[in-house]
Every structure is written in C-alpha cells, then in structure tokens.
Amino acid sequence: MSSSPNSASADLAERILAQAADALMYARRDGRIERWNAAAQRVFGFSAAEAIGQSLDLIIPAHLRAGHWRGWDAAMATGQLKLNGHATLTRALTRAGSKCDVEVSFALVKGDDGTPIGSVAMARDVTARVEQERAAK
C-alpha cells in the first residue's frame, strides 16, 4: 500500500524537523513547547519528553524572562517580530543549570486567517565562539 502525497510530505517535514542540525523548537501561542528536536536536546540537555508541554521559561534565564514575554506578547498581538527573522545572540539555560550563549532566529507561525498560533525558533550554541571573543578583548 503506497502512502498518499500528503502523508509523504508530512513524513518528510517531520524528518527535516527531527534531523535539522540546529536546535528547533516550536511553542504554541501560550508559550508552551510543542516541538523539540534532537539538536535542541544536545544544546539544552532536556529530552523532548522533558521539554514538550513546558513553558519556554525552561530555557530562558530568570533575568531575561520579563523582556522575552513582553516581546512574545507583542508579536502574538501584532503578528510582527521586532527582529524580522534576523538572528540574535542571547543566553539560555541548560538542564544542568548552567548558561550557554545561543544565536537564535525566530519566525511566527500563523493560522489560515493570518493570526499567530505560535513561534518557531532555530538556535545554535555559540558559547565557544563568544568565550574566544571575550578572551581576545
């Protein structure tokens, strides 16, 4: 029995998300994590089972949370991102309780009516690079 084009496309999309080299996370409009790939586990230390269903606060340091949620709420209300998809350097929390430097880009995921239903982020651990740059100064 052959699979339909739609199921083959959905399977391919899931494989791409799961196997992407960068951490990929998707959070619903309420800020709860719904997708978490293997690279996210490598970067942050949390398994998908540990991360899915949790608030993004799981990986956001306490001192950055207020600013993050202000930006999140504004993006969900306006359908616009401040950085327009450009990557930004920030700090994140790991399962071990340490902080790491990550370069992150965000995109809003919108429903059929154009209203944001969540956000997807791609992140890369750049701690070693940032530490080298600090040491060079």
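The values are calculated or read from the model by the stated rules, or taken from the named source; none is laboratory data. Since we're looking at a predicted model, the values are computed, not measured. Cβ: placed from backbone, ideal geometry, glycine included. Neighbour counts: every protein chain shown. Each accessible area value is taken on the protein alone, full model and side chains, heavy atoms only, with ligands, DNA and RNA left out. Shrake-Rupley method; radii C 1.70, N 1.55, O 1.52, S 1.80 Å.
Scan the stretch 111-125 for residues that are surrounded by 13 or more Cβ atoms within 10 Å (Cβ to Cβ), out of contact with any Phe, Trp or Tyr (no Cβ under 7 Å at 6 or more places or on another chain) and more than 15 Å from His86 (Cβ to Cβ) and jot them down.
Taking the stretch 111-125 as the starting set, the residues that turn out to be surrounded by 13 or more Cβ atoms within 10 Å (Cβ to Cβ) are 116-125.
Next, only the ones that are out of contact with any Phe, Trp or Tyr (no Cβ under 7 Å at 6 or more places or on another chain) stay: 116-117, 122-125.
Result: Pro116, Ile117, Asp125.
Each row is one residue, and each column tells you yes or no for (1) surrounded by 15 or more Cβ atoms within 10 Å (Cβ to Cβ); (2) within 12 Å of the chain's Cα centre (by Cα); (3) at pLDDT 95 or above.
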| site | (1), (2), (3) |
| --- | --- |
| Gly45 | yes, no, yes |
| Trp72 | yes, no, yes |
| Ser105 | yes, yes, yes |
| Arg134 | no, no, no |
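Can you tell me how many residues in the stretch 77-97 are under 18 Å from Ile60 (Cβ atoms) and open to solvent by less than 60 Å² (accessible area, probe 1.4 Å)?
Initial filter on the stretch 77-97 (under 18 Å from Ile60 (Cβ atoms)): 81-83, 87-97.
After this cut, where a residue has to be open to solvent by less than 60 Å² (accessible area, probe 1.4 Å) as well, the list is 81, 88, 90, 92-94, 97.
Looking only at that region, the number is 7.
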Residue tally, condition β-branched (Val, Ile, Thr) and over 18 Å from Ile60 (Cα atoms), over the stretch 98-129: 3
